[in-house]
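The values are calculated or read from the model by the stated rules, or taken from the named source; none is laboratory data. Every value quoted in this text rests on a predicted model; they were computed, and no experiment measured them. Here the Cβ positions follow ideal geometry from the backbone for every residue, glycine too, while neighbour counts run over all protein chains shown.
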Amino acid sequence: MKARHRTSTAGPAAGRLAGRKYRWLGAALLAVMAVAVVAESAPGDAWPMFRGDPALWGVAGCALPAAPSLLWTFKSEGPVKCTAAVGAGRAYIGSDDGKLYALDLATGKQVWELKTGGPVESSPLLLRGVVYAGSSDASLYAVDAATGRVRWKYTTGDRILGAPNWVPAPKGGVPWILVGSYDFKLHCVDAATGKSNWVFETGNYINGSPAVAGGQTVFGGCDALLHVIALADGQKVKEVEAGAYVAGSVALADNRAYFGHYENEFQCVDLTAGKKVWGFHDRDFPYFSSPALARDRVVFGGRDKRLHCVRRADGQPLWAFATQGKVDSSPVIAGDKVVFGSDDGRVYMVALADGQRVWSYDLGQPVGSSPAVVDGKILIGADDGNVYAFGRKPE
């Protein structure tokens, strides 16, 4: 389906992916390699954080069956709006019931739960045996992944909705954790102790997760700016006018940032020049979904009830897939397929090459959360409070 669009260009075409190692995802990709090679992926047997990796590419390191079966469900007591973090045979996910859960990946059975003081919409980060998750009680929790015991709690000035990210400490040692808050600030804390390294203040809420690449962190906010911050000391490198507030997260590649905003445009920004390279506008609906990046294309959802795929070089549309509800769910590329949810109550899988439907499953409730894709399985939450796992049925 071709979408009506307006595309503006203001810079050179996207270059090759310097220094990236391509992960070929098996024979299923051979038919589409020429047009849609995935550039980098999360590990095939883990999905440790929101979007899979610190640059927030939204690419899985495994392929999916053409027709996944429902493997199990887990029921929480509130809508599930975040993405699971998965590793070492467990999935970690929060709920609006105020709890963080650890589930057995094979069966969906609960291993432990942790009660916080508010809804947990912040997608967890799994790093070195510790789960880091924000809560609407304004706190970032560091929780032992094996036992559910709280190691430390770091308090901000307002709720945390965006997922934490991490970086190696500039001088070695314990990693640093980054998280944005509705107190208008990006916080950087020591992963072992929760002590603050630095704080960067913006002009409004920070709703998304900060992306990390090249010694910098990049994120948008409700101040309608794209912020570029030095990781070593939290100092501003530059800011770029986005044109409207940015509710989703940014994906980074080749020193360019890809993101959508509330005034109905999806953008590519050159971080070195501090200028927009191109902008994609289809219809007058906002973009809350975070993008997934393949080598030559970008995939993202819109409140126009569509999943869009555009060319990375210039923003020209390649295809659009229509659903019956808004698509705030952030898509994940898995081999030659794309997985995402919609407010029409369905989980969809479409072909990366042309956007044709491969599979869908009707959950009956809006799906605003984003999938985790690991070891041939899809994990996704819904507004009915359930976490659903799909994959190939064991023989």
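A few comments on the model shown:
- Here LYS305 fulfils each of the conditions (1) surrounded by fewer than 23 Cβ atoms within 10 Å (Cβ to Cβ); (2) at negative phi; (3) in contact with an Asp or Glu (Cβ under 8 Å, 6 or more places away or on another chain); (4) modelled with pLDDT of 95 or more apart from (2).
- Exactly one residue out of LEU29, LEU70 is over 21 Å from ALA146 (Cα atoms), in contact with an Asp or Glu (Cβ under 6 Å, 6 or more places away or on another chain) and either modelled with pLDDT under 95 or of a type outside the set (Asp, Glu) (or both): that is LEU29.
- Check on THR73, outside any strand (DSSP E or B) and β-branched (Val, Ile, Thr): no
- One residue from GLY234, GLY208 being touching a residue at least 40 places away in the same chain (Cβ under 8 Å), on the phi > 0 side of the Ramachandran plot and assigned to a loop (DSSP other than H, G, I, E, B): GLY234
- Of the listed requirements (1) under 22 Å from PRO43 (Cβ atoms); (2) not in a loop (DSSP other than H, G, I, E, B), GLY108 misses just one: (2).
- Residue among ALA106, ALA146, ALA138, ALA91 that is among the hydrophobic types (A, V, I, L, M, F, W, C) and within 20 Å of the chain's Cα centre (by Cα): ALA91
- Restricting attention to segment 252-289 and to residues that are more than 19 Å from PRO317 (Cβ to Cβ) and of a type in the set (Gly, Ala, Ser), the residue that is surrounded by the most Cβ atoms within 10 Å (Cβ to Cβ) turns out to be ALA257.
For (1) touching a Cys at 6+ places or on another chain (Cβ under 7 Å); (2) farther than 19 Å from ARG51 by Cα, each residue gets a yes or a no:
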| position | (1), (2) |
| --- | --- |
| ARG159 | no, yes |
| TRP166 | no, no |
| GLY173 | no, yes |
| LEU178 | yes, no |
| TYR182 | no, yes |
| ALA192 | no, yes |
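- Screening VAL277, VAL246 for residues that are within 14 Å of PRO210 (Cα to Cα) and either modelled with pLDDT of 95 or more or in contact with a His (Cβ under 6 Å, 6 or more places away or on another chain) (or both) leaves exactly one candidate, VAL246.
- Options ALA102, ALA88, ALA84, ALA106; residue that is small (Gly, Ala, Ser) and closer than 18 Å to VAL332 by Cα: ALA84
- Flag for ASP144 being out of contact with any Phe, Trp or Tyr (no Cβ under 7 Å at 6 or more places or on another chain) and modelled with pLDDT of 95 or more: yes
- Each residue in segment 147-205 was checked for being free of Cβ contacts under 8 Å to residues at least 12 places away in the same chain and crowded, with 20+ Cβ neighbours inside 10 Å, and 0 pass.
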